[in-house]
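Single-structure report; data block below.
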Ligand SMILES: Nc1ncnc2c1ncn2[C@@H]1O[C@H](COP(=O)(O)OP(=O)(O)OP(=O)(O)O)[C@@H](O)[C@H]1O
Ligand SMILES: [Mg+2]
């Protein structure tokens with residue numbers, strides 16, 4: 001039992017860290033520019049497809065991931081300069097409509113280029129086996145994801161908490177006008193942040209590719225989770241995004257694994273087996289509602 | 001002409017369809033302290049926000065250090081050497097005191113004795129004790145000092161203060177006035193908006209009074225001091 005919990009906790013950690021890669025960019029876009037970007041998940045999808053394509057062509061997973069990050073980052077710059085900039089001053093409804101259109105366009109483009117069927121993205125052979133941790137075997141590729149996720153989270157922390165660029169980003173998230181008046185070109189800063197966030201999306205898409213299916217629509221389901229994360233963490237806060245991601249990753253994964261078993265102790269097997277999955281899938285929304293009840297601004301709000 | 005660091009002529013600014021400034025003209029010479037006065041809602045904040053590019057000037061010209069800056073973005077105006085201590089302080093609550101100060105430090109105009117973190121802390125000793133605290137945790141007076149320090153760290157050619165003493169306890173207010181005196185002594189060019197006419201008469205020597213978005217009076221300290229009718233009529237004191 002404890003072994004199962006431990007293993008599921010590691011899975012939750014792994015998923016949470018990947019979720020963080022998406023949520024980090026999303027929360028900054030929302031926090032600094034007050035922009036709702038539904039197409040954030042599409043960048044994740046594009047990253048996964050690029051990684052699958054390039055890995056296949058080059059035979060190197062690392063090359064695939066690198067090209068996916070770079071390519072998605074460049075795509076993001078084009079997207080930001082050509083389209084998103086026009087949306088900042090608009091209201092949220094206009095932003096939602098326009099970026100929802102982007103989702104549809106992105107999905108269609110991917111279908112045209114790669115077809116409708118699921119793409120294969122294989123983890124490097126060297127990482128296909130399990131490793132022994134304590135008393136149980138755990139897939140080494142998942143460990144790699146945890147390692148990469150933790151590394152990026154650490155790097156982001158240093159960038160945001162310790163550098164001047166990080167100070168500008170935090171200042172911009174809390175009071176854009178004043179940040180500009182003090183001489184910072186927030187628009188340019190934002191293009192850079194957006195591109196960086198897109199590259200992280202691509203990294204998440206590429207890393208999760210071998211675990212989940214690389215397919216059209218993969219961006220939407222994770223986007224919803226990413227929004228839950230940033231609402232829990234507080235809009236505009238990187239720290240909030242990290243804590244929120246880990247919470248959502250753990251609660252979602254552990255809930256799905258444990259809840260049916262726990263219910264079986266209370267209800268009849270039939271009731272438990274139908275109630276369990278249903279309850280598990282709403283668990284993170286219950287978590288979000290509970291946190292918003294206590295802290296309407298989220299855990300670490302950037303604005304005062 | 002070009003002896004004036006800031007030269008505004010015929011400035012008109014609107015919020016949507018409601019015009020607030022109707023041809024405001026104003027000059028500030030290098031090294032002097034000038035004031036912008038007027039009762040509530042007469043357009044003082046709108047004027048300085050227009051100078052800083054935070055509101056769009058619908059008409060007129062703003063010349064700073066020989067360049068036409070109306071229509072420039074706020075960040076470009078900031079880098080050109082105008083720093084604002086805004087109404088309501090607007091320090092960054094999620095940055096520490098130290099970060100609020102160092103994040104925007106620059107010396108773009110080669111100030112001979114540039115401001116540094118140490119100098120700001122010597123200037124405002126109470127800030128040094130709070131160095132690691134988040135800006136949002138400070139008292140009103142400390143936030144005001146931080147807002148001034150943050151602006152000074154950009155080593156501005158023109159410092160603009162919008163109601164820097166508003167809502168402060170008398171002792172803290174005095175400290176702000178002493179700081180402004182010291183800044184003037186060091187040759188800092190300042191445009192100040194405030195309600196305390198007596199202090200401003202002592203601090204500055206060029207005064208402009210706004211009345212419903214237009215310049216209703218301008219003159220030096222002796223003239224303002226001599227005519228208390230102006231105080232009652234235009235300043236409501
Ligand atoms: N964002 C805004 N939208 C619409 N009208 C505004 C806005 N800001 C200010 N005004 C109006 O413009 C006029 C001038 O306001 P402004 O803030 O410039 O005055 P002020 O002289 O700074 O006043 P105070 O002494 O109260 O700070 C006022 O009538 C005010 O109601
Ligand atoms: Mg005002």
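How far, in degrees from 0 to 90, does helix A:218-233 lean away from the longest principal axis of the Cα atoms of chain A, to the nearest 10?
80 degrees
How long is the gain from residue A:104 to residue A:1 if the chain were fully straight, where each residue apart is worth 0.36 nm and the alpha carbon distance is subtracted?
Contour length minus Cα-Cα distance gives 32.7 nm.
Rounded, prolate or oblate: which fits the stretch B:95-187, taking a ≥ b ≥ c as square roots of the Cα gyration tensor eigenvalues, rounded meaning a/c under 1.5, else prolate when a/b beats b/c?
oblate
Test of understanding: extend the Cα→C-beta vector of residue B:174 to 7 Å, then name every residue of the stretch B:94-128 with backbone N under 19 Å from that spot.
The answer is B:123-127.
What shape does the stretch A:1-98 have by the C-alpha gyration tensor, where a ≥ b ≥ c are the square roots of the eigenvalues, rounded means a/c under 1.5, and otherwise prolate means a/b greater than b/c and oblate the rest?
oblate
Taking the simple approach of a point 7 Å from Cα along Cα-to-Cβ for both residue B:39 and residue B:87, what is their distance in nm?
1.6 nm
Let me know the mean shielding of B:85-93 by other chains, meaning the per-residue number of their Cβ atoms within 10 Å of its Cβ.
Numbers: counts 0, 4, 0, 0, 1, 5, 5, 12, 6.
Across B:85-93, the average partner-chain Cβ count within 10 Å equals 4.
Residue B:107 to residue B:226: extension gain in nm, 0.36 nm per residue of separation minus the Cα-Cα distance?
Taking residue B:107 through residue B:226 to full extension adds about 38.8 nm, to one decimal.
Quantify how much of the Cα-Cα distance distribution of chain B extends past 31 Å, in percent. The partial results should precede the final answer.
Values: 5374 of 27966 pairs.
Summing the P(r) of chain B above 31 Å gives 19 percent of all pairs.
Looking only at the protein assembly as shown, where both bridge partners belong to it, what percent of the DSSP beta bridges are antiparallel (to the nearest 5)?
60 percent
Between residue A:88 and residue A:150, what is the label-to-label distance in nm when each label sits 7 Å out along the Cα-to-Cβ direction?
Placing both labels 7 Å along Cα→Cβ, they lie 3.7 nm apart.
When a/c is below 1.5 the answer is rounded, else prolate if a/b is larger than b/c, else oblate, so apply that to the stretch A:65-155 with a ≥ b ≥ c taken from the square roots of the Cα gyration tensor eigenvalues.
prolate
Can you give me the C-alpha center-to-center distance between the stretch A:75-107 and the stretch B:211-237, rounded to a whole angstrom?
Answer, in whole Å: 51.
For chain A, with a Gaussian network of springs between Cα atoms less than 10 Å apart, report the residue from A:51, A:261, A:226 with the top mean-square fluctuation.
Looking only at A:51, A:261, A:226, the largest GNM fluctuation is found for A:261.
Given R₀ = 56 Å, FRET efficiency for residue A:128-residue B:137 by Cβ-Cβ distance, to 0.05?
Once the sixth-power term is evaluated, E becomes 0.65.
What ranking do A:201, A:109, B:52, B:179 get, fewest neighbouring Cβ atoms within 10 angstrom at the top?
In order of increasing Cβ crowding within 10 Å: A:109, B:179, B:52, A:201.
Compute the long axis of helix B:170-185 from its Cα atoms, compare it with the longest principal axis of the Cα atoms of chain B, and write down the angle in degrees, 0 to 90, nearest 10.
Tilt relative to chain B: about 80 degrees.
Once you keep just the Cα pairs under 8 angstrom separated by 6 or more residues, what percentage relative contact order results for chain A?
After rounding, I find 34 percent.
For a bin width of 10 Å, list the pair-distance distribution of the protein assembly as shown built from all Cα-Cα distances, rounded to whole %.
Going from the shortest bin to the longest, the percentages are 4, 16, 23, 20, 15, 11, 7, 3, 1, 0.
Just want to confirm a number: the relative contact order over chain B, from Cα pairs under 8 angstrom separated by 6+ residues, in percent.
Values: 455 pairs, mean separation 62.9, N = 237.
With pairs under 8 Å counted, the relative contact order is 27 percent.
Every read-out reported here was derived from the displayed coordinates using simple, explicitly stated rules and does not represent laboratory data. Keep in mind that what you see is a predicted model, and the values were worked out from it rather than measured. So basically every Cβ, Gly included, is an ideal-geometry build from the backbone, and we count neighbours across all protein chains shown.
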